[in-house]
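Quick notes on the structure that follows.
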Amino acid sequence: MAKNFTSRKENYSQWYNELVIRADMAENSAVRGCMVIKPYGYAIWERMQANLDKMFKDTGHQNAYFPLFIPKSFFNREAAHVEGFAKECAVVTHYRLKNSKDGKDIIVDDDAKLEEELIVRPTSETIIWNTYKDWIQSYRDLPLLINQWANVVRWEMRTRLFLRTAEFLWQEGHTAHATKEEAIEETEKILHVYEEFAEKWMALPVLKGLKSPNERFAGAVETYCIEALMQDGKALQAGTSHFLGQNFARAFDVKFLSKENKLEYVWATSWGVSTRLMGALIMAHSDDKGLVLPPKLAPIQVAIVPIYKKNEQLEEITKKILPIKEALEKRGITVKYDDRDTQKPGWKFAEYEFKGIPVRLAIGPRDLENGTIEVARRDTLEKEILNITDIDIKVANLLDAIQSNLYEKALAFREENTFKVDTWSDFKKQIEKGGFILAHWDGTEETEQKIKEETKATIRTIPLNNTKEKGQCVFSGKDSNQRVVFARAY
RNA sequence: CGGGGUAUAGCGUAGUCCGGUCAGCGCGCCUGCUUUGGGAGCAGGAGGUCGCAGGUUCAAAUCCUGCUACCCCGACCA
């Protein structure tokens with residue numbers, strides 16, 4: 001058992017906070033609400049980035065980079081959009097510092113006031129659409145499929161490492177299309193990319209669906225999302241894809257000449273996932289012994305620990321291990337051979353366990369004699385002694401097995417914690433216990449708002465391809481033709 | 001941003017009510033020897049302007065004021 005580590009049952013949010021720090025993923029910085037992502041945490045993020053980036057490129061997108069700063073005037077072009085972000089924007093007002101009169105301090109130089117304030121981007125729609133205006137003239141310029149990897153700032157009052165920080169890293173895709181249908185198709189295509197990434201790489205099952213008007217992105221016509229269930233029964237929005245209609249095209253006057261020689265506004269989408277995925281990854285699989293990582297995203301997939309008394313023994317073990325390490329690496333597996341003499345084997349075991357390394361191999365004098373090796377898997381904590389022959393194949397298979405086991409486990413958890421509820425009293429009871437609640441909703445914002453006020457639960461998503469069934473709204477009793485997904489959320 | 005709590009060595013903490021050998025303990029760190037199949041043992045050692053800034057007092061970790069950060073609850077938010 002990990003020493004002095006809060007269990008999930010004791011205090012879930014403390015468990016999460018301690019885990020992030022102790023697994024060496026991130027820490028709070030000197031700047032309020034902003035985190036330092038440490039090398040181990042960043043390595044996981046880099047793996048996410050690399051895979052997502054490939055998926056974006058495979059679907060025809062290109063990367064570009066737009067400025068961190070956005071002129072204030074851009075913001076009030078799209079009314080809903082301003083309203084959505086105005087309250088959490090950092091604003092740059094000056095461009096120079098100077099020494100104070102007594103020379104003891106550095107102060108803002110009042111003479112260096114910006115004519116127009118700059119907003120640190122909370123998202124980039126405005127600067128990007130202002131730019132697209134010049135890039136798009138003809139239907140031949142469409143579709144325009146751009147993604148950028150960037151940091152954004154949203155001045156949050158209450159922050160938590162990875163889940164909600166004032167500055168975070170993300171990717172934001174911004175595309176322009178000639179037709180509404182094509183833009184919607186793009187929005188859904190990206191949603192599918194997100195779903196595939198979550199399920200295949202993060203081993204995280206997600207619900208795909210639409211947001212209710214209350215939860216929709218400011219400026220979007222329709223917001224699609226993938227929604228995951230965490231181990232404490234709370235929902236977490238893992239990614240969003242927005243159909244923006246012609247809202248930004250109108251606001252920034254982005255028109256193109258169609259084949260029919262008609263001047264038309266373009267149709268837009270935007271979509272993003274952020275370092276919040278790190279929080280989802282952590283909370284989906286980890287346990288009371290620390291982090292559990294799916295092999296496909298683990299920076300180190302296999303750790304090898306030698307057990308020895310004398311230096312000659314270590315040399316012997318190393319001779320045995322290096323070919324194994326090479327064979328594993330040939331299969332694309334990342335391996336760390338930990339031959340440090342400064343830590344003892346038991347210490348290393350505990351360390352790799354806490355950091356969620358999927359597979360640990362240990363080899364000592366007994367194994368040398370018997371031609372065996374100890375194989376331990378992080379997800380189930382099982383250990384077995386295997387014959388060393390073809391160990392690379394066995395480990396590769398084990399990594400695959402761990403990857404799918406984590407997914408299956410998370411899926412089973414979600415299924416066990418998804419409930420159909422038909423009465424208001426059952427709804428209130430169930431929401432206290434957590435999980436996804438499938439209930440009828442009359443489709444009005446008022447009802448959603450009231451449910452939120454009384455239970456803190458929101459509509460997480462209206463699933464795509466939802467089963468249609470007649471019923472009565474769980475709150476108002478009015479007619480409804482489908483169930484939607486309610487939960488308390490991060 | 002409102003309410004509550006916390007801040008003492010790298011980490012975790014005792015001491016704060018009742019000012020005066022109170023700056024102590026555990027882990028970690030350094031040196032040496034013995035150890036090494038689940039967080040090693042012994043011996044020696046280094047490390048702290050008690051969050052920051054003021055104030056009260058002969059004397060402040062301890063009392064007062066302000067500030068900052070973190071945690072919990074709420075509001076806001078994706």
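The values are calculated or read from the model by the stated rules, or taken from the named source; none is laboratory data. Not measured: the values here are computed from a predicted model. We place every Cβ from the backbone using ideal geometry, glycine too, and count neighbours over all the protein chains shown. In case anyone asks, the SASA skips ligands and DNA or RNA and just uses the protein heavy atoms, side chains included. Shrake-Rupley method; radii C 1.70, N 1.55, O 1.52, S 1.80 Å.
Looking at the stretch A:284-311, which of its residues are more than 17 Å from residue A:41 (Cα to Cα) and open to solvent by 10 Å² or more (accessible area, probe 1.4 Å)?
Listed by number, the residues that qualify are A:287, A:288, A:289, A:307, A:308, A:309, A:310, A:311.
A quick yes/no check of all residues on (1) surrounded by 24 or more Cβ atoms within 10 Å (Cβ to Cβ); (2) modelled with pLDDT of 95 or more; (3) assigned to a helix (DSSP H, G or I); (4) within 12 Å of RNA strand B (Cβ to nearest atom):
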site	(1), (2), (3), (4)
A:243	yes, yes, no, no
A:249	no, yes, yes, no
A:253	no, yes, no, no
A:256	no, yes, no, no
A:268	yes, yes, no, no
A:281	yes, yes, yes, no
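Quick test for you: out of A:277, A:263, A:314, pick the one residue that is open to solvent by 10 Å² or more (accessible area, probe 1.4 Å) and within 30 Å of residue A:174 (Cα to Cα).
Values: A:277 fails: open to solvent by 10 Å² or more (accessible area, probe 1.4 Å); A:314 fails: within 30 Å of residue A:174 (Cα to Cα).
Criteria check complete, one pass: A:263.
Collect the residues in the stretch A:367-393 that are of a type in the set (Ser, Thr, Tyr) and under 36 Å from the mean Cα position of the chain (by Cα), keeping them in residue-number order.
Across the stretch A:367-393, the qualifying residue is only A:380.
From (1) assigned to a loop (DSSP other than H, G, I, E, B); (2) free of Cβ contacts under 8 Å to residues at least 60 places away in the same chain, pick out the condition that doesn't hold for residue A:65.
(2)
How do the pairs read when you match residues in the stretch A:345-358 that are on the phi > 0 side of the Ramachandran plot with residues anywhere that are open to solvent by less than 50 Å² (accessible area, probe 1.4 Å) and polar (S, T, N, Q), using Cβ under 8 Å and keeping only pairs 6 or more apart or on different chains?
Pairs that qualify, where the first residue is on the phi > 0 side of the Ramachandran plot and the partner is open to solvent by less than 50 Å² (accessible area, probe 1.4 Å) and polar (S, T, N, Q), are A:356/A:286.
Checking residue A:67 against (1) within 26 Å of residue A:33 (Cα to Cα); (2) open to solvent by less than 90 Å² (accessible area, probe 1.4 Å); (3) out of contact with any strand residue (DSSP E or B) (no Cβ under 8 Å at 6 or more places or on another chain); (4) within 16 Å of RNA strand B (Cβ to nearest atom): exactly one of these is not met. Which one?
(4)
Being in a loop (DSSP other than H, G, I, E, B) and either surrounded by 13 or more Cβ atoms within 10 Å (Cβ to Cβ) or touching a residue at least 60 places away in the same chain (Cβ under 8 Å) (or both) narrows it down to one of A:381, A:328, so name that one.
One residue alone meets the criteria, A:381.
Counting just the residues of the stretch A:324-375 that are more than 11 Å from RNA strand B (Cβ to nearest atom) and of a type in the set (Lys, Arg), which one comes out nearest to residue A:23 (Cα to Cα)?
In this case the residue turns out to be A:336.
Looking at A:85, A:74, which one is away from RNA strand B (no atom under 16 Å from the Cβ) and either surrounded by 17 or more Cβ atoms within 10 Å (Cβ to Cβ) or in the same structural domain as residue A:184 (by TED's automatic domain parsing) (or both)? Spell out how you get there, then give the answer.
On the way: A:85 fails: away from RNA strand B (no atom under 16 Å from the Cβ).
Sole residue among the options that is away from RNA strand B (no atom under 16 Å from the Cβ) and either surrounded by 17 or more Cβ atoms within 10 Å (Cβ to Cβ) or in the same structural domain as residue A:184 (by TED's automatic domain parsing) (or both): A:74.
Taking the condition of being of a type in the set (Phe, Trp, Tyr), in a loop (DSSP other than H, G, I, E, B) and more than 8 Å from RNA strand B (Cβ to nearest atom), how many residues in the stretch A:1-19 meet it? Working first, answer last.
Residues of the stretch A:1-19 of a type in the set (Phe, Trp, Tyr): A:5, A:12, A:15-16.
Still in the list and also in a loop (DSSP other than H, G, I, E, B): A:5.
Keeping just the survivors that are more than 8 Å from RNA strand B (Cβ to nearest atom) gives none.
The number of residues fulfilling the criteria is 0.
Could you run through the stretch A:213-233 and say how many residues are crowded, with 21+ Cβ neighbours inside 10 Å and either touching a helix residue (DSSP H, G or I) at 6+ places or on another chain (Cβ under 9 Å) or under 19 Å from residue A:81 (Cβ atoms) (or both)?
Count: 10.
Filter the stretch A:454-490 down to the residues that are among the hydrophobic types (A, V, I, L, M, F, W, C) and assigned to a strand (DSSP E or B) and list them by number.
A:459, A:462, A:484, A:485, A:486, A:487, A:489
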